[in-house]
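Below is one structure, written out as structure tokens, with a few remarks after it.
The values are calculated or read from the model by the stated rules, or taken from the named source; none is laboratory data. Please read these numbers as outputs of a predicted model, since none were measured by experiment. Counting neighbours? That spans all protein chains shown, and the Cβs are built from the backbone with ideal geometry, glycine included. Keep in mind that these areas ignore ligands, DNA and RNA; they rest on the heavy atoms of the full protein, side chains included. Shrake-Rupley method; radii C 1.70, N 1.55, O 1.52, S 1.80 Å.
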Amino acid sequence: MYGDVNVVVNDGNLGRGTNTGTGIHVKIGISNVDSSVPILITGNMNATKIKEKLGNTPLADACMDAVEWGAASIYNIPVKAGTPGEIGEVTQDRAGNGSIEVKGSPNNAYDVVLEIIDGGGCNEGSVRYSLDGGNTYTEEETIPLDGEISLAGSGLIVKFADADDGNSFCGGDRITFSTTSPAMNNQDVIQAVEGLIHSNLVFEFIHIVGTSARALWASLATLANDFLEKYKRPLFFVCEARPKGISEGLDEYVNAMVLEGRAINSMYIQVVCSHARYQRIDGRIQDINAAGIVTGLYGKAKESQSIGEVKSFPISEAKLLKLLPEGIEDYISVLDEARYLTIRQYVGREDYYVTGANMLAPEGSDYSYAEDVRVSNRLVRAVRAAALNELQAEVSPDDLEASLAGIQAALNIPMEDAIRDKIISSGKVTVDTRNLNILVDESLDVNVTYVPMGHVRAMNLIFSVENPYAS
């Protein structure tokens with residue numbers, strides 16, 4: 001008999017529509033770095049170190065955001081671009097007659113501004129540049145003799161060539177252009193996820209860095225079930241919804257996103273549909289999906305704690321400069337109702353907050369929020385680990401009650417730990433002794449039940465005037 005400790009997670013029992021969470025997770029995203037093993041980013045690394053390990057890439061950006069907001073350990077799986085990034089139209093505002101050519105393949109989405117500081121030809125003039133639309137600039141540097149400047153690990157090269165008349169480059173000359181980020185294809189993402197099946201890494205969830213859509217979400221939902229049922233590794237996925245298209249109206253965009261999410265019913269899929277203008281820890285100001293921030297907050301929240309808890313998880317307006325697209329505030333309730341994770345402001349507060357850590361769970365699920373899933377996954381991991389210690393254990397048919405009591409006590413230890421850590425309100429593990437025939441079946445059915453912690457999702461303040469002199 002090929003024995004194992006198998007896991008079933010029942011849903012719908014509530015009948016409703018460690019002391020801190022580790023937040024250890026895996027990020028899968030575009031990077032030009034080659035690595036045969038996951039690359040570890042820790043919470044004490046600065047932006048320079050993160051980019052040194054992951055390149056100037058979307059994967060590095062997501063790690064910077066997560067580290068800034070609380071992530072302590074992130075395992076990164078770099079994936080090569082299925083669709084390369086593109087260089088947009090180059091706009092030139094120049095008095096010099098030398099040529100400036102942009103070439104290469106961008107590693108990320110950039111808004112490049114390049115300025116001539118001191119006029120002159122190659123090996124004479126000087127230049128500085130920005131990758132974030134002029135919000136931050138590099139130090140001034142001399143135009144090289146060969147005329148080629150590589151832009152800070154971006155995959156881009158600017159080629160300068162002198163003019164025949166000697167009027168090559170003038171102070172104040174300026175060029176601007178934008179690039180698009182490279183993208184992964186779904187097959188590459190799925191292959192990277194499947195590569196974790198037999199990995200020894202211990203993690204809570206996987207963040208898919210970069211825009212994805214329901215076709216991938218559906219595949220990941222199936223994979224999440226396989227991870228739990230086949231491989232006994234409970235996890236969930238954090239994905240990023242697309243931003244609004246340039247020519248798309250707000251109503252059109254929100255309606256499209258509602259339809260996009262409607263096809264998915266999985267408590268193991270979370271999709272962040274919140275975009276913002278944001279200042280990263282390296283000083284760049286960029287338009288981002290907030291999934292990096294969200295994955296960082298999980299590193300600060302214990303499993304049962306909502307990352308939408310107002311008193312604990314404010315997102316500073318000094319960092320998150322505004323929500324995008326313009327006017328999205330009027331639609332956040334719609335996206336929240338559609339089970340997306342969004343970010344909002346409350347009247348009377350300046351900072352931003354997670355509206356609710358929604359999962360794309362089916363209606364009536366007991367696991368509608370990430371905190372529900374995180375608690376369940378913690379208990380599954382811990383109780384199963386305790387149960388593995390009891391696998392192949394000897395049970396005496398003559399003293400069955402005592403034998404089973406020992407097993408039951410061992411399996412209750414992780415439940416007691418969760419109660420002590422205030423992850424659950426109460427819980428117990430019970431060995432089912434009905435119709436038990438251990439000599440024939442050699443199998444035990446074990447019931448694991450618990451009462452979760454409650455959460456205040458809304459509050460109603462009722463005001464009235466009282467007359468102390470009234471009889």
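Things worth noting here:
- Antiparallel %, DSSP beta bridges [both residues in the chain], to 5: 70
- Note on the stretch 75-188: Cα-only Rg and Dmax are 15.5, 54 Å.
- Spatially, the stretch 286-313 and the stretch 429-471 are offset by 26 Å when compared through their Cα centroids.
- Put simply, the stretch 49-92 fits an ellipsoid with semi-axes of 26, 14, 9 Å; these come from the alpha carbon gyration tensor as the roots of five times its eigenvalues, largest first.
- Cross-link pairs exceeding 27 Å in C-alpha to C-alpha distance, out of LYS27/LYS322; LYS27/LYS428; LYS49/LYS230; LYS27/LYS244; LYS244/LYS300; LYS232/LYS422, comprise LYS27/LYS428; LYS49/LYS230; LYS244/LYS300.
- Around GLN305: net Lys/Arg minus Asp/Glu count, Cβ-Cβ under 10 Å: +1
- Accessible area in square angstrom per residue, the chain, 1.4 angstrom probe: 49
- What a 1.4 Å probe finds exposed on the chain is 47% carbon and sulfur by accessible area, rounded to a whole percent.
- The alpha carbons of the stretch 73-138 stretch over 46, 27, 22 Å along the principal axes, in descending order.
- Across the options GLY296, GLY120, LEU404, the greatest Cα extent toward the positive end of the charge dipole of the chain (unit charges at beta carbon of Lys, Arg, Asp, Glu) belongs to LEU404.
- Each Lys or Arg adds one and each Asp or Glu subtracts one; over the other residues with Cβ under 12 Å from the Cβ of ASP132, this totals -1.
- On the principal axes of its alpha-carbon atoms, the stretch 202-325 has extents of 44, 34, 26 Å, going from largest to smallest.
- Over the stretch 382-465, relative contact order from alpha-carbon pairs under 8 Å, at least 6 apart, %: 24
- Unit Cα scatterers, Debye sum, the stretch 384-470: log10 I(q)/I(0) for q = 0.12 Å⁻¹: -0.51
- Net charge over other residues, Cβ less than 12 angstrom from the Cβ of ARG94 (K, R count +1; D, E count -1): -2
- Kirkwood-type radius of the chain, with distances r between different C-alpha atoms, in Å: 25.1
- Taken along its principal axes, the alpha carbon cloud of the stretch 300-386 reaches lengths of 50, 28, 19 Å, longest axis first.
- Helix-only mean residue ellipticity at 222 nm for the chain, each DSSP H run of n ≥ 4 adding -39500 (n - 2.57), per residue, nearest 500: -7500 deg cm²/dmol
- Point-charge dipole on Cβ atoms (K/R +1, D/E -1) for the stretch 342-394, about Cα centre, debye to 20: 160
- Shape parameters for the stretch 142-202, alpha-carbon atoms, Rg then Dmax in Å: 21.3, 65
- Residues GLU260, GLU240, GLU101, ordered by accessible area of protein heavy atoms at a 1.4 angstrom probe radius and largest first, appear as GLU101, GLU260, GLU240.
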